[in-house]
Amino acid sequence: MTKTFMFAGLLALTGMTSPASAQDAGVKGVTRTILGSGQPVAASGLELSLRRVVFAPGAKIPGEVHSGMQVIYVLSGRLSLRVLGGSAVVRKALPDGSMGPPMEVKAGPNPVILSPGDTALENETLVLAPSNPSKEPLVILAGSLMPVGKPQSVQITEPVSIP
């Protein structure tokens, strides 16, 4: 079976020396604010950053990949996360405040909906299409460990078939 999804086209982010400075200015209705970043001594060549990402009501990214590992936490609103390629690991918040078991979400037509307190682990092989399906803003925190000089997010620009 052949799956069709979008292939990553590198954003025009030349001359940047830090992924923390690479923002998705091209995604309408999505803003990313760097809350902190640095290069861990124990992880040479990598940069750790924390961002607040806000999706306006109805905003969506048709497809993206990350150049490293990212963990997201939903602060408010609802996140519709459709996996286009690879898989994500999702944990749902339980009523007592603890986290439910890890659930692997594989590529498919149906998105998983994340609510406040839920998390998702995204690695560099994941191709995803996040969106805000509600009439309220969606706010997430994104902790990322990316290679220095690489963008945090790369938009998908052209279709490709993967066997």
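Since every read-out is calculated from the coordinates, none of them should be taken as a lab result. Source: prediction; values computed, not measured.
Each listed q (0.16, 0.30 Å⁻¹) maps to a log10 I(q)/I(0) for segment 86-137 from the Debye sum over equal C-alpha point scatterers, namely -0.52, -1.25. Cα centroids of segment 131-156 and segment 23-73: how far apart, whole angstrom? Between the Cα centre of segment 131-156 and that of segment 23-73, the gap is 4 Å.
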